[in-house]
Each structure stands twice: as C-alpha cells, then as structure tokens.
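Please read the structure below before turning to the comments.
Every read-out reported here was derived from the displayed coordinates using simple, explicitly stated rules and does not represent laboratory data. On a predicted model such as this, the values are computed, not experimentally measured, just so you know. So basically every Cβ, Gly included, is an ideal-geometry build from the backbone, and we count neighbours across all protein chains shown.
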Amino acid sequence: MPLPRLIPCLDVANGRVVKGVNFLGLRDVGDPVELAKHYSDGGADELVFLDIAATPDDVATMTSVVAQVADVLEIPFTVGGGVRSVQDAIRIIESGADRVSLNSAALSDPTLITAIASRYGSQAVVVAIDAGDGVVHTHGGRVATTTKTIPWAVEAAERGAGEILLTSIAHDGKREGFDLALTAAVRGAIAIPVIASGGAGSAAHVVAALRIADAALVASIVHENPSGLPGLRDEIEALGIQLRPLKERP
Amino acid sequence: MSDVVVVDYGAGNTRSVRAALAHLGATSVVTSDPSTIRKSPKVILPGVGSARSAMEHLNTTGAARALRERFDDGGSILGICLGMQLALETSEEDGGVEGIGLLAGSVYRMSEGRVPRLGWSEVDPWGETYYFAHSYAAKSKDSVATSDGVIVAIERGSFLGVQFHPEKSGASGLSFLERCLSRA
C-alpha cells in the first residue's frame with residue numbers, strides 16, 4: 001500500500017489565499033503560488049486548493065492560478081470549490097491540476113462523477129463530503145441535505161470517484177482531533193482511498209487519522225506556521241507513521 | 001531543435017512534464033507530428049487520460065506508427081503512467097484497447113488493495129519513492145521494477161516505461177528525469 005499522505009489545504013478566493021494563514025516570512029502573503037511552493041519544499045505529499053468564493057467567474061481566475069502552480073510544483077495537487085461541470089473540470093485539469101474535487105455539484109448531478117472519470121480516469125476525481133449527524137451538508141457545511149453520508153460515499157465510488165475527501169463538520173476548525181469513527185465507517189464501506197479532514201490540532205491527531213485513513217488534510221495547524229511543516233512531519237514519523245523520504249532537488 | 005518531444009495525444013495536461021524538464025534545463029515541444037517524433041533526440045509519452053481516446057489520437061495523427069519506427073531505430077522513448085501502458089499490446093481499459101505494441105504484454109485493472117492506487121510508494125529494487133495514481137497496471141516479461149507487488153517499470157531496447165509520475169514525485173522524480181535525459 002502507498003505511504004500515508006499529509007495534505008495541506010489552501011482556501012482561495014479571487015486568486016488569493018485567504019484566512020487562517022500566518023504569513024510570517026513569506027514575500028507575498030496571499031500568493032497561492034508562493035505558498036504552494038513553500039509547502040511542497042517543506043514536505044507536503046500533495047496539496048488541495050479550495051475555491052471558497054466559487055462564483056462562476058472564479059473558474060477563469062482559478063485556471064490561471066492552476067497554471068502558475070503547475071509550473072512550480074513537483075507534487076500532485078487537487079482543485080475544488082468551483083467545479084460544476086465537465087467543462088470546468090477540463091479547464092482545471094488541462095491547466096495543470098492533477099485532480100478535481102466535486103462537492104455539491106456531484107450531489108445535484110452524480111453523472112458528473114462518471115463523465116469526468118471516463119475522460120481522465122478515476123484517480124482524477126475526488127468527491128468531497130461534508131458530513132454531520134449522518135447526513136451530507138452543502139454550502140460549506142451550513143445546510144443539511146437528506147442524503148445519508150455512507151450511502152452517498154458508496155454511490156460516489158460506484159460512479160467512478162477515485163477518492164473521498166471526508167470532512168466532519170462538527171470537528172472542522174476545532175483542532176481537537178479528527179472524527180475517527182466517521183472516517184472508519186466511511187472507509188470500511190468503500191474500496192477507494194479516503195482523506196480524513198477536520199480537526200487536526202497536533203501531530204498525534206494526524207497520526208490517529210493516518211492509522212485509519214489513506215491521507216489527512218491539514219489547514220490551520222500548518223498555516224499558523226508555514227515553516228513548521230518539516231517539524232510536523234518529523235513528529236508524525238516519531239509517533240510511528242512513515243511518510244515519504246525527502247531528497248535534495250537536482 | 002528542442003531537447004525533448006512530449007507526445008501530444010489530446011489529453012491536455014502536459015504542463016507538469018514540461019515544467020519539470022524546464023527545471024532541469026531541457027527545452028521541450030508538445031506535438032503529435034510523426035516526423036518530429038522520429039527525429040527528436042528524446043521522446044516522452046506522458047500519462048493523462050484514457051487509453052481509448054489516447055490510442056485513437058495516436059493512430060489518427062500517425063504518431064503511433066512514428067513511435068514504432070523510432071523504437072525499431074533505437075531512439076530513446078520514456079513512457080509515463082498511461083504512456084507506459086500504451087506501449088504494450090493490449091489494455092482492458094475502456095472495454096479493451098489495442099496499444100502501440102512496442103513491448104509484449106498487457107494492461108489489467110487492479111483489484112488488490114485500494115483502487116485507484118494513490119500516493120507515494122517505494123520502488124524495488126531502485127530504493128526510491130515516487131508518486132503513483134493508477135487503477136490499471138502492466139503485465140509484462142520486460143519488468144525491471146515493482147512496487148507493492150505491482151510491475152511499475154518495463155524496459156526493452158530503447159524504451160523505458162514507468163508507472164509512477166516522475167514529474168509529480170518531488171526531488172526524487174526530478175533526479176529520475178535527469179538520469180533519463182543523460183542516458184545515451
């Protein structure tokens with residue numbers, strides 16, 4: 001099995017990184033390209049960019065960010081937030097992203113998952129699920145739907161999703177640890193990999209998540225100290241989880 | 001003339017491969033033009049998309065034939081991910097697809113472990129860790145490396161194919177590409 005992955009997530013609006021990042025030491029505090037490069041050099045296994053404004057114009061803005069990021073990044077990255085159609089996915093992937101993440105668009109039209117997967121392969125399609133009280137939520141976790149979390153994860157996998165990005169709304173932002181029970185229940189119901197998200201506050205939290213899930217998404221724990229990523233990796237490894245070895249660039 | 005030809009098969013994302021080559025100081029061009037493919041010092045067959053549409057594009061443009069001629073002449077070709085799989089004879093993908101057929105072998109859908117197989121994994125016997133993202137894998141007697149029991153590199157004559165993405169494998173991937181570029 002591949003090694004567990006540590007994935008910093010960057011929230012982007014109008015082409016700029018927003019909220020939660022302590023930009024100390026970075027030249028351009030809101031530049032997604034510079035921050036991406038910084039995390040890549042610091043040992044991130046992968047990155048996720050979430051367009052949190054996600055207006056229709058944002059796909060064009062995001063496309064330009066994606067192209068710039070692809071030119072400097074030598075690790076894979078996923079883009080989500082504004083992907084509502086096959087056309088959006090094509091623009092994002094052909095600009096250089098490895099994968100797109102679908103959230104509410106996949107809920108309202110699940111055939112979107114299959115359409116993108118048959119064009120680029122399942123590995124290019126992540127389905128993001130914001131879960132709370134057993135059901136899927138939309139609008140950044142504010143609106144509950146009637147769709148049950150586990151059956152939706154199963155359906156997404158059957159339709160061709162290559163990974164589930166599972167966020168526990170109750171745990172998100174609290175920094176008190178991941179929802180391990182939810183993560184284990186969803187992962188146990190499907191055969192595709194799962195990224196645990198929501199609640200990372202320490203290396204021990206990440207380690208607990210990585211013992212269950214295939215990857216862990218981290219946000220504020222790295223954003224408050226972008227130079228602390230190598231240290232976080234060391235702590236995770238000291239707690240018994242092997243991450244990928246880092247080498248010198250040629 | 002550019003140092004490297006990156007073969008275009010209509011799938012789009014060749015940007016990362018070209019960025020990695022640029023980092024190593026190599027110029028590149030993206031094309032499916034047969035005569036450019038035959039003449040270039042180095043050819044990379046990249047890996048994004050689906051087998052059927054890739055092969056349709058390679059056959060229509062004449063790039064598939066140019067790659068076979070190039071291979072017969074001993075011209076170096078690096079296949080990445082789908083680009084490696086396309087060099088084999090057949091694939092189970094998309095209900096069955098005939099490949100370029102540079103090497104004997106076939107491509108099957110994986111069923112062990114989590115599929116797609118996503119993430120960083122060590123390659124034996126090379127001892128390096130690279131990034132993988134695939135649901136299909138190669139069956140070939142020309143295997144030169146494996147990872148988690150899956151064939152991840154095949155080599156015969158001037159063709160080297162790898163299942164991982166060197167352009168997405170950080171410093172290790174750049175070093176791999178650098179070695180490929182300096183190979184005679």
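List of remarks:
- Residues in region B:149-184 reached by a label modelled at B:GLU122 [backbone nitrogen below 13 Å; 7 Å Cα→Cβ]: B:149
- Over region A:127-174, the fraction of Cα-Cα pairs per 5 Å bin, rounded to whole percents and listed from the shortest bin up, is 5, 24, 32, 24, 12, 3, 0.
- nm² value of the averaged projected area, convex hull over the Cα atoms of chain A: 12.3 nm²
- FRET efficiency, 1/(1 + (r/R0)^6) with R0 45 Å, evaluated for B:TYR108 and A:SER202 via beta carbons: 0.60
- Region A:5-238, dipole about Cα centre (Lys/Arg Cβ +1, Asp/Glu Cβ -1), debye to the nearest 20: 400 debye
- Inter-centroid distance (Cα atoms) of region B:60-137 relative to region A:131-165, Å: 33 Å
- The Cα center of region A:55-118 and the Cα center of region A:177-215 differ in position by 24 Å.
- Its relative contact order, with pairs defined as Cα atoms under 8 Å and 6+ residues apart, puts chain B at 18 percent.
- For the peptide A:116-124, the mean number of other protein chain Cβ atoms found within 10 angstrom of a residue's Cβ is 6.
- Taking A:THR63, A:THR149, A:THR111 as the candidate residues, the one with maximal mean-square fluctuation in a Gaussian network model of chain A, Cα springs under 10 Å, is A:THR111.
- Projected onto their three principal axes, the Cα atoms of the protein assembly as shown cover extents of 62, 45, 43 Å, largest first.
- FRET E, pair A:LYS247, A:VAL143, Förster distance 35 Å, beta-carbon r, rounded to 0.05: 0.20
- A Förster radius of 22 Å, combined with the Cβ-Cβ distance separating B:ASP94 from A:ALA191, puts the computed FRET efficiency at roughly 0.60.
- Inter-label distance, nm, simple model (7 Å from Cα along the C-beta direction), B:SER182/A:ASP71: 2.8 nm
- Under 5 Å from the amide H of A:LEU47 lie the amide H atoms of A:PHE77, A:THR78, each residue being 5 or more positions distant or on a separate chain, with H modelled from the backbone and absent for Pro and chain starts.
- Remark: relative contact order (chain A) = 19 percent; criterion is Cα-Cα distance under 8 angstrom and separation of 6 or more residues.
- Two-decimal ratio, region A:189-250, of alpha-carbon radius of gyration to 2.2 N^0.38 Å: 1.19
- In summary, the lysines within cross-link reach of B:LYS42, defined as a Cα separation below 28 angstrom excluding same-chain residues under 8 places away, comprise A:LYS247, B:LYS139, B:LYS141, B:LYS168.
- Highest-MSF residue in chain B out of B:PRO125, B:PRO41, B:PRO116 [GNM, Cα springs under 10 Å]: B:PRO125
- Distance between the 7 Å Cα→Cβ label points at B:SER53 and A:SER64: 2.7 nm.
- For region A:105-250, the antiparallel share of DSSP beta bridges with both residues in that region comes to about 35%.
- Residue exposure sequence - A:HIS38, A:HIS171 - by fewest surrounding Cβ within 10 Å: A:HIS38, A:HIS171
- Gain in span if fully extended, A:ARG16 to A:THR114, counting 0.36 nm per residue against the direct Cα distance: 32.2 nm
- For region A:5-238, the share of DSSP beta bridges that are antiparallel, to the nearest 5, is 20%.
- Neighbour counts of C-beta atoms inside 10 Å place B:SER16, A:SER197, A:SER220 in the sequence A:SER220, B:SER16, A:SER197, starting with the fewest.
- Of B:MET84, B:MET55, B:MET110, the one that fluctuates the most in a GNM where chain B has Cα springs shorter than 10 Å: B:MET110
- Shielding of peptide A:72-81 by partners, expressed as the average count of other chain Cβ atoms within 10 Å per residue Cβ, is 5.
- At least 20 Å along the helix axis (C-alpha) and Kyte average at least -1.0, DSSP helices within chain A: A:58-72
- Computed over the alpha-carbon pairs of region B:4-182, the distance histogram in 5 Å steps reads 2, 9, 19, 23, 22, 16, 7, 1, 0 percent, short to long.
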